[in-house]
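Read the structure below first, then the notes.
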Amino acid sequence: MLYPKSEDPEAMTKVPILPIGYTNPLVLTFDVLNKSYENYYAKIVHCNADWRISNLNEIEYMQDFNETIIQQYEYSFNTKIPYVHYSLELPLTKISGNFAVVVYTENIEKPLFIKRFMVYENALSIVPNARPSTDISRLQTHQQIDFKIRYSGYSLINPRDNLQVVVRQNDRWDNALFSLKPTYIREIDRELEYVYFNGENNFWGLNVFRRFDLQSILFLGFNVAQLDVLGAENRARLVSDKLRNKDPFFVWNDRNGGFLINHFETQNGATQADYVKVYFTLKTEEALAGEVYLRGAFNQWQFLEEHKMSYYASEKAYQRSVLLKQGSYDYLYTVRYADGRVEDYFCEGSHFQTPNQYDILVYYRPLGARADALIGYRRFEYE
């Protein structure tokens, strides 16, 4: 996990996007399912808008020495599955843009994992207009993100070609819209307008996320049907899910796909939350045409083999067990076809009314610069 340093337990759910000149650092935390400490290293890499490594030298974007050994760690306490909990306050950066923190053991070319974060400037203002799609065929299922960029206090040269705009839904990169071009440029007003008519700025509204609460294993939390805590490992079986693509829209509170690590009894999720084998079930009358995966912020929206559902004809259901740390989780089911197509909406349905979180990120490479700067950022809710 990567989040702004804070005493508030909910801080771990905050997005790692900071204004330039920040002094409150980001905190990186992770567990290794092991009984003893090992050496891990972290290094920060500057990236361009497309997340390819930039040509900048470390001294151009870092305030301090970059490569850091992670020396702060704690052992898990009173858990069936032992682990070491590591944490690191990231060194401060000097410039805006995209950054990736790479964690590795010996060779940075073989990372243990990579986490992204951004640092932005307030060089311009972004005025969003989130609404149902103007495309009649998508009116009931999609959300449209129109917006204006006003740059009265900033000198933009050839913004149509030199600006790169990214729009994200619920902090996801897998379905983000990249490199949107302005539809109108008003040089006198120093304003760019992004209003499309063919769905270029449309997102599937999808549905409120499925969720469950496993902050305690002493009682059944939300959407937990059964607990088994007597064996060598803790197990939890969730209430069986079903396809929602034909259900009417119904809203409840979710984390927009996010998750929170916590141990209810001690409020110390870092070292006293145990790992639990969680059993997921998706009921369907027959196997679907593609492969079904569990996804959410908890696995960075990746298609992981260990999170692929298996179909059992005798049960008329897809099933999968996943080892997860105690907390509360949002998730959804995604179908991925052999031709590469991906559909979240097939299992979940899609509604224009669904509350979602959106980000607009504006990148610019000034004349003579060797990397993309993040000069504007706006976060807002579609409600």
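The values are calculated or read from the model by the stated rules, or taken from the named source; none is laboratory data. If you're wondering where the values come from, they're calculated on a predicted model, not measured in any experiment. All Cβ positions, glycine included, derive from the backbone under ideal geometry; neighbour counts span all protein chains shown.
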Does at least one position in segment 346-353 carry a residue that is out of contact with any helix residue (DSSP H, G or I) (no Cβ under 9 Å at 6 or more places or on another chain), within 20 Å of Thr13 (Cα to Cα) and acidic (Asp, Glu)? no
Restricting to segment 222-252, and then to whatever is crowded, with 19+ Cβ neighbours inside 10 Å and not hydrophobic (A, V, I, L, M, F, W, C), can you tell me which residue is nearest to Ser321 (Cα to Cα)? Asn234
Right, Leu260: assigned to a strand (DSSP E or B), at pLDDT 95 or above and touching a Pro at 6+ places or on another chain (Cβ under 9 Å) or not? yes
State whether the residues of segment 340-352 include one that is of a type in the set (D, E, K, R), more than 24 Å from the chain's Cα centre (by Cα) and either closer than 30 Å to Tyr73 by Cα or buried (at least 21 other Cβ atoms within 10 Å of the Cβ) (or both). no
Confirm whether Asn24 is in contact with a strand residue (DSSP E or B) (Cβ under 7 Å, 6 or more places away or on another chain) and not hydrophobic (A, V, I, L, M, F, W, C). yes
Any idea which residue in segment 323-339 is nearest to the chain's Cα centre (by Cα), counting only those that are crowded, with 17+ Cβ neighbours inside 10 Å and among the aliphatic types (A, V, I, L, M)? Leu332
Taking interchain pairs and intrachain pairs at least six residues apart, which have beta carbon atoms under 6 angstrom, with the first residue in segment 173-194 and touching a residue at least 12 places away in the same chain (Cβ under 8 Å) and the second small (Gly, Ala, Ser)? Arg190/Ser152
Screening Arg255, Arg320 for residues that are under 17 Å from the mean Cα position of the chain (by Cα) and surrounded by 13 or more Cβ atoms within 10 Å (Cβ to Cβ) leaves only Arg255
If the Cβ limit is 8 Å and pairs must be 6+ apart or interchain, which residue in segment 16-31 that is over 17 Å from Asp359 (Cβ atoms) and assigned by TED's automatic domain parsing to the domain that holds Leu324 pairs with which residue that is of a type in the set (Ser, Thr, Tyr) and in a strand (DSSP E or B)? none
Do the conditions hold for Ser152, that is, is it hydroxyl-bearing (Ser, Thr, Tyr) and at pLDDT below 95? yes
For Lys277, are the conditions met, namely being among the basic types (Lys, Arg) and within 30 Å of Asp135 (Cβ to Cβ)? no
Among the residues of segment 238-251, is any modelled with pLDDT under 95 and either assigned to a strand (DSSP E or B) or under 23 Å from the mean Cα position of the chain (by Cα) (or both)? yes
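Is it the case that Ser87 is outside any strand (DSSP E or B), among the polar types (S, T, N, Q) and surrounded by fewer than 17 Cβ atoms within 10 Å (Cβ to Cβ)?
So Ser87 fails the test.
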Output for Cβ contacts, cut-off 9 Å, separation at least six or different chains, first residue at positive phi in segment 348-376, second crowded, with 23+ Cβ neighbours inside 10 Å, reads Gly349/Leu206; Gly349/Asn207
Do we find a residue being of a type in the set (D, E, K, R), surrounded by fewer than 18 Cβ atoms within 10 Å (Cβ to Cβ) and either over 30 Å from Thr354 (Cα atoms) or without any contact (Cβ under 8 Å) to a residue 12 or more places away in the chain (or both) anywhere in segment 125-136? no
Just a yes or no: is a residue in segment 270-282 at pLDDT 95 or above, over 22 Å from the mean Cα position of the chain (by Cα), under 30 Å from Leu163 (Cβ atoms) and among the aliphatic types (A, V, I, L, M)? no
How do the pairs read when you match residues in segment 96-119 that are free of Cβ contacts under 8 Å to residues at least 40 places away in the same chain with residues anywhere that are hydrophobic (A, V, I, L, M, F, W, C) and surrounded by fewer than 17 Cβ atoms within 10 Å (Cβ to Cβ), using Cβ under 8 Å and keeping only pairs 6 or more apart or on different chains? Ile114/Ala100
